[in-house]
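Read the structure below first, then the notes.
Nothing in this text is a laboratory measurement; each read-out follows from the coordinates by a stated rule. Just so we're clear, the structure is a prediction, and the values are computed from it rather than from any experiment. Neighbour counts run over all protein chains shown; Cβ positions are idealised from the backbone, glycine included.
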Amino acid sequence: MISKIYFRLLVFAVVGLMLGSPLFAQIQDWPDDEREGIKINYTEAHVGSYTLPDPLTLNDGERVTSDKTWFDKRQPEILTLFEENQFGKTPGAPKNLSFDVFDQGTLVFDGKAIRKQVTVYFSKDTAGPKMDLLIYLPAKAEKPVAVLLNIGFVANSSKINDPGVKRGMIWDRDHQLVPAPEKSFFGQFDPMPLIENGFGFASVYYGDIDPDFDGGIPYGVRSLYLKTGQTAFAPDEWGAISAWAWGLSRAMDYFETDKGIDSKRVALFGISRLGKTVLWTAAHDPRFALVIASCSGEGGAALSRRNYGETIKLITLPDRYDYQFCGNYARYGDDPNQNPVDAHMLLSLIAPRPVLLQTGNTDKWSDPKGEFLAVVAANPVYQLLGQDGIGTSQMPKTGQAILRPQGYYMHDGGHGTVASDWDVFIEYLKKYL
């Protein structure tokens, strides 16, 4: 029997919202669409009914009533379910992991920051898969600082306007490694607001870890774990998202060796598929203290059981993003209700650590409402572990940030971030990191 708190949350999420509650009026209905013969729903009244699995009920039906039972039994159960059914199992840290700190500390940005650059080697073969880690720390810091680690779509040298950054290599549209352009078409990132608020900033290019295309296994870190003659992994073994998350954990391995970084206060940030990645990283690696996930959508923070926007069936099509997940995930495309997990359970795995979800009110593909409902449904776990969680079941208006241990913020706009989002992110970091 589910708890009264969780029952009320389920009633609110599954019944009340289907009646077109005015609390969510800022997410306007939109004409339905179709991709590859699959209908896409953008009408709230057509979401359909669903029941979420209770994160506080063990596989054997026993209720979780203590933090000890959560950490000893239920959290490991849920983690295994995600490994087997969505992201895939991953290996631990490699035995031959090594770090080459080739830039040990250069004053930059008018002497306000110290730049460090590290190459993380995943094996003894220095010509094999490796990751460049770019770090900026406040120059005047008198003790180890908290750091925001960003996994991004572009090389570090394209991301930051700093001529001293090692020029990176990127995967082009033809799946070839080519020198990174001088500037990213996404625009460049200014780390100084973080530095001026006492935080460090670190960045990695996800393509250094594993390529973002189907058939990329031989060229990334997963190739190190293929057996002789093997070209693919089992249906319950890691996809690309798990590989990227594995790489972020290797960055944490380095942070634990750097005396200028407080490795107990490292936050994660990623957008879209990399928003999914940082959520899974934190769920899998408790060393990360905080997560900011932007528009992570399906397979991330949005509830899969809601028939709205992108769905499991769409994201796992062979010509789309099936390679990002384990093979078993596609089994739930026709009926997400059969999946033993959903997004609220992914958020629950991170509890009681702070998580801020940032969405956009026109990013219907990623289902911003579905992300908020996942936060609400994860709230009982945060409460069990002594946190207030989201503190409300009422979705905030566009531009109104909820900066609690379970945070939520929806800007006026679409997929990804806008400049003003960073004011919210820094406020959240200052509050919890």
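Things worth noting here:
- Under 20 Å from Lys73, Cα to Cα: lysines that are on another chain or at least 8 residues apart: Lys89
- The range 282-329 and the range 41-104 have Cα centres separated by 12 Å.
- Value at 222 nm in deg cm²/dmol, rounded to 500, when DSSP H runs of n ≥ 4 in the chain each add -39,500 (n - 2.57): -6500 deg cm²/dmol
- Using θ = phi - 60° and Karplus 6.51 cos²θ - 1.76 cosθ + 1.60, couplings along the range 153-166 (whole Hz; Gly, Pro as x): 8, 10, 5, 4, 5, 8, 7, 10, 7, 8, x, x, 6, 4
- Ordered from longest to shortest, the equivalent ellipsoid semi-axes for the range 98-267 are 29, 18, 13 Å, each the square root of 5 times a Cα gyration tensor eigenvalue.
- √(5λ) per eigenvalue of the Cα gyration tensor, the range 331-383, largest first, Å: 20, 18, 8
- Per-peptide packing, taken as the mean over residues of other Cβ atoms within 10 Å, places 420-430, 284-294 in the sequence 284-294, 420-430 from highest down.
- Across the options Pro144, Val101, Gly229, the greatest Cα extent toward the positive end of the charge dipole of the range 98-267 (unit charges at beta carbon of Lys, Arg, Asp, Glu) belongs to Pro144.
- Structural descriptor for the range 328-415: relative contact order 35 percent, calculated from alpha carbon pairs under 8 angstrom and at least 6 residues apart.
- Close amide H partners of Lys89, meaning residues 5 or more places away or on another chain with modelled amide H under 5 Å apart, are Glu237, Trp238.
- Between amide H atoms placed 1.01 Å from N, distances below 5 Å from Ala146 occur with Gly200, Asp262, all of them 5 or more places distant or on a separate chain.
- Given R0 = 45 Å, the distance between the Cβ atoms of Ala139 and Lys89 translates into a calculated FRET efficiency of 0.60.
- Taking every alpha-carbon pair under 8 Å whose residues sit at least 6 apart, the range 277-433 reaches a relative contact order of 26 percent.
- Assuming charge only on the beta carbon of Lys and Arg (+1) and of Asp and Glu (-1), the dipole of the range 98-267 about its Cα centre is about 360 debye to the nearest 20.
- Other residues whose C-beta falls under 12 angstrom from the C-beta of Lys259 contribute a net charge of -1, scoring Lys and Arg +1 and Asp and Glu -1.
- A cut-off under 12 angstrom between Cβ atoms defines the neighbours of Gln338, and their net charge, with Lys, Arg +1 and Asp, Glu -1, is -1.
- Charge dipole (the range 98-267, unit charges on Cβ, about Cα centre) - positive-most of Gln188, His175, Phe199: Phe199
- Leading residue at positive end of dipole, the chain (Cβ point charges), from Pro352, Ser158, Cys326: Pro352
- Antiparallel DSSP beta bridges within the range 132-291, percent to nearest 5: 30 percent
- DSSP bridge orientation in the chain - percent antiparallel, rounded to nearest 5: 50 percent
- Measuring nothing but how far apart in sequence close Cα pairs (under 8 Å, 6+ apart) lie, relative to its length, the range 98-267 scores a relative contact order of 24 percent.
- Cα-based equivalent ellipsoid of the chain: semi-axis lengths in Å, sorted from largest, via gyration tensor: 33, 25, 22
- A Cβ-based charge dipole, computed about the Cα centre of the chain with Lys and Arg at +1 and Asp and Glu at -1, lands at about 1020 debye.
- Charge context of Asn59, other residues only, Cβ under 13 angstrom, K/R +1, D/E -1: -2
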